[in-house]
Amino acid sequence: MTHVPDIAPGRLAPEDYAKSFDDMAPPLNGRQAVIEASRCYFCYDAPCVDACPTGIDIPGFIRKIGTGNLKGSAVTILEQNIMGGMCARVCPTEILCEGSCVRNTAESKPVAIGALQRHATDWLFERDIQPFARQPASGRRVAVVGAGPAGLSCAHRLAQLGHEVTVFEAQEKAGGLNEYGLAAYKTPGGFAQREVDFILSIGGITVETGRQLGRDLFLEELRRDYDAVFLGLGHNAVNALGVEGEELSGVMNAVDFIAGLRQAGSLATVPVGRKVVVIGGGNTAIDAATQARLLGAEDVTLVYRRGPEAMSATLAEQEWAQTNGVRIKHWAMPRRLLGWQGAVKEVEFEYTRLDEAGRLAGTGETFTILADQVFKAIGQRFVPSPLTANALETLELVDGRIAVNEERETSVPGVYAGGDCTAGIDLTVSAVQHGKLAAHAIDARLRAVAAAA
Amino acid sequence: MADISSTFAGIRSPNPFWLASAPPTDKEVNVVRALKAGWGGVVWKTLGEGDPVVNVSSRYGAVSYNGTRIAGFNNIELITDRPLDVNLREIKSVKKQFPDRAIVVSLMVPCNEESWKTILAAVEDTEADGIELNFGCPHGMSERGMGSAVGQVPEYVEMVTRWCKQYSRMPVIVKLTPNITNILGPARAAVAGGADAVSLINTIQSIVSVDLDLMAPTPTVDGQGTHGGYCGPAVKPIAMRMVGDIARDRTCAGIPISGIGGVSTWRDAAEFMALGAGTVQVCTAAMHHGFRIVEDMIDGLSNWMDAKGYATLDDFRGLAVPNYVSWENLNLNYKIVARIDQDLCIKCGKCHIGCEDTSHQAIAHMKGADGLRRYEVIDDECVGCNLCMLACPVDGCITMQRMDVNQPKLTWKEHPNNPMRQKVPAEAAE
Ligand SMILES: Cc1cc2nc3c(=O)[nH]c(=O)nc-3n(C[C@H](O)[C@H](O)[C@H](O)COP(=O)(O)OP(=O)(O)OC[C@H]3O[C@@H](n4cnc5c(N)ncnc54)[C@H](O)[C@@H]3O)c2cc1C
Ligand SMILES: Cc1cc2nc3c(=O)[nH]c(=O)nc-3n(C[C@H](O)[C@H](O)[C@H](O)COP(=O)(O)O)c2cc1C
Ligand code: SF4
């Protein structure tokens with residue numbers, strides 16, 4: 001039997017793309033926002049604040065929406081989380097702030113904190129207001145590597161505290177995964193770049209794109225030329241399946257598919273298979289599968305080796321994919337990819353279960369799924385090679401990522417790190433918090449040095 | 001099924017829910033719609049003499065609270081702006097169509113005998129069931145020596161009431177203004193003048209909001225505003241206090257009371273009636289939601305009466321009056337403390353912060369290493385003020401538990417700290 005892989009762009013009518021990738025959660029209007037704001041009890045020692053990695057004063061900003069003080073509300077959000085706009089769109093709120101809202105207890109319906117946060121920050125963005133001013137110049141210079149959420153958050157806070165910041169970014173555009181990774185329907189309308197522009201408009205930050213650490217510049221130079229260094233490198237490698245047939249055409253990393261989609265001038269030019277198989281259980285898998293469906297793929301099957309509760313994508317994310325017609329199959333792992341004339345044709349899976357010791361094990365039974373295209377999404381990794389090139393001192397790692405202390409300082413004094421390249425849960429909001437904490441630690445360090453001198 | 005028919009100052013209606021004199025009762029078309037919807041009666045929008053008044057455009061303002069529209073309502077309208085003969089003709093027609101409903105006519109004419117005599121005869125001709133004297137309108141009319149300008153002077157109230165009793169066989173209801181320090185002044189004057197009933201409250205003088213762009217009180221008329229009359233749910237507590245004061249006043253001698261002010265539901269009506277009202281009148285709730293709210297009022301009152309075993313309105317009317325006492329009669333030995341049901345507690349911390357910041361530091365805030373919060377009442381500090389119970393968003397989570405046992409009642413009148421105390425019997429015997 002022959003197999004002609006059916007991977008093609010333009011599966012939808014041209015006018016249907018915009019509809020397909022429209023805002024997954026349309027913004028609240030003013031009236032809806034006031035009504036929703038009135039549901040907040042304005043708790044004392046509110047659990048939602050503890051649950052927000054950046055510690056936004058949630059009851060405080062919601063109260064301000066209720067009184068019509070939208071500028072004050074936005075500032076309350078942004079002073080803790082400069083990416084409060086993006087976080088309002090992409091945070092898995094059901095496991096963060098909204099998950100701990102006291103309204104869950106009695107009525108199983110939290111205050112829509114994310115939507116309210118978006119309402120307030122949108123208000124500010126629509127008016128192009130830059131509410132933050134810089135403190136008097138300190139005369140200190142800090143290098144930030146990586147213009148993702150961690151790097152930009154760090155840069156903004158440092159600039160605010162009066163320091164001069166240079167951000168080195170390997171890609172063409174700043175934003176990190178906000179620009180190259182997050183699902184298109186979570187951040188339509190070019191919001192990622194608008195937010196970057198907003199962050200940079202505080203002044204004192206120079207972004208040098210197309211500059212890669214370990215190739216165009218080296219950690220030793222940065223340490224020599226700057227008063228401190230922050231590393232916000234994110235993940236820089238993708239885990240391989242490690243099975244036969246991985247090299248077949250039509251098999252690709254989900255993150256690359258998504259990056260291509262996010263950067264495509266027109267979604268109608270993005271090729272997608274008629275039958276798509278996605279392997280993995282995180283956000284990346286969910287987003288790749290859902291966006292493949294939205295591009296017009298006929299059958300999209302996401303296969304995960306454990307049960308739904310073990311997926312790192314939240315239940316809400318899983319439901320979102322299913323609502324969009326993605327079939328999710330649990331308890332199966334890939335055994336090999338079968339091809340025809342160099343192109344993938346089907347994937348063979350083996351059923352899995354937990355053995356007596358609670359370890360994942362194959363059952364020996366297999367099944368196959370036809371596929372024109374296969375996306376690998378079993379995790380990203382950090383590889384330290386950019387740091388080790390020409391290095392005198394090497395940074396310590398834990399579990400393959402850069403080790404930091406509570407102040408986010410690495411084992412090398414004056415070098416700080418945060419975001420996905422360090423340990424912890426990989427979320428935009430966590431990266432922002434890391435950058436903010438590091439900025440304050442760097443500021444304290446520079447001021448201590450200045451005082452001693 | 002409870003019998004909710006009412007006889008009020010001799011005026012019969014199938015239920016005690018009347019529409020108050022206001023826009024809902026200004027025209028035959030409105031009133032017919034209301035009576036078809038089931039209202040027990042109406043007090044026709046206030047009639048005056050001579051050329052009709054002229055109203056401004058932009059007439060109402062409101063207080064919206066936390067997303068709730070029209071928690072309080074205000075207006076700067078005057079009495080009816082339609083010709084007297086048209087109103088009288090329509091009243092007559094309505095009464096003919098709905099003989100079983102209470103049709104009461106509200107009146108406001110200048111404070112001279114002749115004016116009242118003339119209009120009373122004209123109203124009598126409509127075969128309406130009674131008249132209500134509008135001594136309450138707080139704006140527009142009082143500047144002309146009518147409305148609350150009369151209602152605030154007990155002597156005038158008595159005089160006009162007497163004229164009406166003299167020149168008419170219709171029952172006379174005197175509508176009282178709340179814009180006065182002590183409601184008993186005009187109420188007793190009405191009784192002295194021979195009134196068959198009183199109704200209250202009319203609206204309260206108010207500025208509902210200031211437009212911070214126009215820098216003028218709302219509703220604004222071409223950039224300016226005036227004070228208006230406040231009504232709606234927000235005024236119910238004020239109205240009930242005044243109703244209660246009249247109900248328990250010996251001089252007022254059990255005069256029938258029509259309760260008005262913020263009545264929106266059967267429950268509001270039941271509360272007014274427990275404080276002595278025979279009927280209730282509604283304006284704002286009807287203007288906000290339309291006439292069909294009366295369905296639930298009828299149904300809800302009768303179901304509640306069935307559940308409580310009250311067969312007629314008289315069975316529960318005034319039952320709360322003996323328990324409405326002055327402060328000095330309250331038992332100072334009564335002691336309650338707050339109890340938090342930990343299973344219902346949602347950890348919002350509102351009880352703690354209210355008590356901690358503004359009351360008696362009687363609720364401890366504890367937080368485990370796991371981040372779990374717990375709020376506990378410190379019995380010795382709690383004065384039993386109810387603040388936490390009122391602030392708690394969960395019904396039944398905070399309750400007040402009685403702590404005094406076997407203590408005799410002690411009121412301020414006998415309290416040792418009272419320099420003017422009366423001796424308690426035991427002490428006196430010493
Ligand atoms: C497909 C996908 C969907 C996701 N969806 C969500 C979501 O819905 N909600 C959520 O909260 N999180 C989501 N995440 C996770 C989130 O995007 C990341 O946790 C977050 O972006 C981490 O920020 P960061 O700054 O550490 O890294 P990144 O965003 O990866 O930014 C790192 C930056 O450093 C640059 N860089 C890397 N190496 C070098 C070098 N050697 N020299 C110079 N520059 C370099 C990169 O180009 C990049 O711009 C998702 C992730 C993926 C992959
Ligand atoms: C727009 C408006 C016009 C009113 N006009 C009169 C009136 O002409 N005569 C009168 O006695 N009361 C008038 N009132 C007062 C009402 O009859 C009633 O006493 C008051 O609104 C309180 O009741 P509520 O809270 O149910 O509205 C008016 C009230 C409103 C809102
Ligand atoms: S009843 Fe009053 S004093 Fe007692 S705990 Fe509650 S708020 Fe505090």
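Just need a number here: residues in segment B:210-226 that are crowded, with 16+ Cβ neighbours inside 10 Å and assigned to a loop (DSSP other than H, G, I, E, B). Spell out the reasoning first.
Start the filter on segment B:210-226 by keeping residues that are crowded, with 16+ Cβ neighbours inside 10 Å, which leaves B:216-220, B:225.
Narrowing further to those that are assigned to a loop (DSSP other than H, G, I, E, B): B:218-220, B:225.
Residues that pass the stated criteria total 4.
Please indicate, with yes or no, whether at least one residue in segment A:372-382 is touching a strand residue (DSSP E or B) at 6+ places or on another chain (Cβ under 9 Å), under 27 Å from A:Leu427 (Cα atoms), in a loop (DSSP other than H, G, I, E, B) and aliphatic (A, V, I, L, M). It would help to see each step written out before you state the result.
Initial filter on segment A:372-382 (touching a strand residue (DSSP E or B) at 6+ places or on another chain (Cβ under 9 Å)): A:372-382.
Going one step further and asking which of them are under 27 Å from A:Leu427 (Cα atoms), we end up with A:374-382.
Keeping just the survivors that are in a loop (DSSP other than H, G, I, E, B) gives A:377-379, A:382.
Pick out the ones that are also aliphatic (A, V, I, L, M) and you get A:377-378.
Yes; the residues of segment A:372-382 include at least one that is touching a strand residue (DSSP E or B) at 6+ places or on another chain (Cβ under 9 Å), under 27 Å from A:Leu427 (Cα atoms), in a loop (DSSP other than H, G, I, E, B) and aliphatic (A, V, I, L, M).
Of the residues A:Ala371, A:Ala361, which single one is among the hydrophobic types (A, V, I, L, M, F, W, C) and surrounded by fewer than 17 Cβ atoms within 10 Å (Cβ to Cβ)?
None of the other options fit; the residue is A:Ala361.
If you take the residues in segment A:174-197 that are away from ligand 1 (no atom under 11 Å from the Cβ) and at negative phi, which one is farthest from the other protein chains (Cβ to nearest Cβ)?
The first filter runs over segment A:174-197 and keeps only residues away from ligand 1 (no atom under 11 Å from the Cβ), leaving A:188-191, A:193-195, A:197.
Okay, now just the ones that are also at negative phi, so A:188, A:191, A:193-195, A:197.
Details: A:Pro188: 29, A:Phe191: 28, A:Gln193: 35, A:Arg194: 30, A:Glu195: 30, A:Asp197: 32 Å.
Among those that are away from ligand 1 (no atom under 11 Å from the Cβ) and at negative phi, it is A:Gln193.
Scan segment A:17-36 residue by residue and report those that are at the interface with another protein chain (Cβ under 8 Å from one of its Cβ atoms) and under 11 Å from A:Ala115 (Cβ atoms). Can you show your working first?
Residues of segment A:17-36 that are at the interface with another protein chain (Cβ under 8 Å from one of its Cβ atoms), as a first pass: A:34-35.
Of everything in segment A:17-36, nothing turns out to be at the interface with another protein chain (Cβ under 8 Å from one of its Cβ atoms) and under 11 Å from A:Ala115 (Cβ atoms).
Among the residues of segment B:334-366, what is the count of those that are surrounded by fewer than 13 Cβ atoms within 10 Å (Cβ to Cβ) and away from ligand 3 (no atom under 16 Å from the Cβ)?
Matching residues across segment B:334-366 total 1.
Just give me the residues in segment B:72-95 being in contact (Cβ under 8 Å) with a residue 12 or more places away in the chain and among the hydrophobic types (A, V, I, L, M, F, W, C), in sequence order.
The answer is B:Phe73, B:Ile76, B:Leu78, B:Ile79, B:Leu84, B:Leu88, B:Ile91, B:Val94.
Going residue by residue through segment B:69-92, is there one that turns out to be out of contact with any helix residue (DSSP H, G or I) (no Cβ under 6 Å at 6 or more places or on another chain), within 14 Å of chain A (Cβ to nearest Cβ) and surrounded by fewer than 21 Cβ atoms within 10 Å (Cβ to Cβ)?
yes
Looking only at segment B:251-292, which residues are at positive phi and either surrounded by fewer than 21 Cβ atoms within 10 Å (Cβ to Cβ) or within 16 Å of ligand 1 (Cβ to nearest atom) (or both)?
Step one: list which residues in segment B:251-292 are at positive phi, which gives B:253-254, B:261-262, B:276, B:290.
Answer for segment B:251-292, where residues must be at positive phi and either surrounded by fewer than 21 Cβ atoms within 10 Å (Cβ to Cβ) or within 16 Å of ligand 1 (Cβ to nearest atom) (or both): B:Ala253, B:Gly254, B:Gly290.
Scan B:Glu376, B:Glu328 and give me the residue that is acidic (Asp, Glu), part of a helix (DSSP H, G or I) and touching a residue at least 24 places away in the same chain (Cβ under 8 Å).
Details: B:Glu376 fails: part of a helix (DSSP H, G or I).
Going through B:Glu376, B:Glu328 in turn, the sole match is B:Glu328.
Could you look through segment A:404-446, keep only residues that are in a strand (DSSP E or B) and among the aliphatic types (A, V, I, L, M), and pick out the one that is surrounded by the fewest Cβ atoms within 10 Å (Cβ to Cβ)?
Of the residues in segment A:404-446, the ones in a strand (DSSP E or B) are A:409, A:415-417, A:422.
With the extra rule that they be among the aliphatic types (A, V, I, L, M), the set shrinks to A:415, A:417.
Numbers: A:Val415: 23, A:Ala417: 28.
Here the residue is A:Val415.
Of the residues that make up segment B:338-358, is at least one in contact with a Cys (Cβ under 9 Å, 6 or more places away or on another chain), small (Gly, Ala, Ser) and within 14 Å of chain A (Cβ to nearest Cβ)?
Within segment B:338-358 (the criterion being in contact with a Cys (Cβ under 9 Å, 6 or more places away or on another chain), small (Gly, Ala, Ser) and within 14 Å of chain A (Cβ to nearest Cβ)), the answer is yes, since at least one residue qualifies.
Somewhere in segment A:50-57, is a residue in a helix (DSSP H, G or I), more than 28 Å from A:Phe132 (Cβ to Cβ), touching a Gly at 6+ places or on another chain (Cβ under 9 Å) and within 13 Å of another protein chain (Cβ to nearest Cβ)? Walk me through how you get there before you give the answer.
Let us first name the residues in segment A:50-57 that are in a helix (DSSP H, G or I), namely A:50-51.
Filter once more, keeping what is more than 28 Å from A:Phe132 (Cβ to Cβ): none.
Checked against the condition, which is being in a helix (DSSP H, G or I), more than 28 Å from A:Phe132 (Cβ to Cβ), touching a Gly at 6+ places or on another chain (Cβ under 9 Å) and within 13 Å of another protein chain (Cβ to nearest Cβ), segment A:50-57 yields no hits at all.
Could you list, in sequence order, the residues of segment A:80-111 that are assigned to a loop (DSSP other than H, G, I, E, B) and away from every other protein chain (no Cβ under 14 Å)? Show your work before the answer.
Step one: list which residues in segment A:80-111 are assigned to a loop (DSSP other than H, G, I, E, B), which gives A:80-83, A:91-92, A:96-97, A:101-102, A:108-111.
Residues satisfying the conditions are A:Gln80, A:Asn81, A:Ile82, A:Met83, A:Cys91, A:Pro92.
Coordinate-derived values only; no laboratory data. Just so it is clear, the model here is predicted, and its values are computed rather than measured. In this analysis, Cβ positions are derived from the backbone assuming ideal geometry, glycine residues included, and neighbour counts consider all displayed protein chains.
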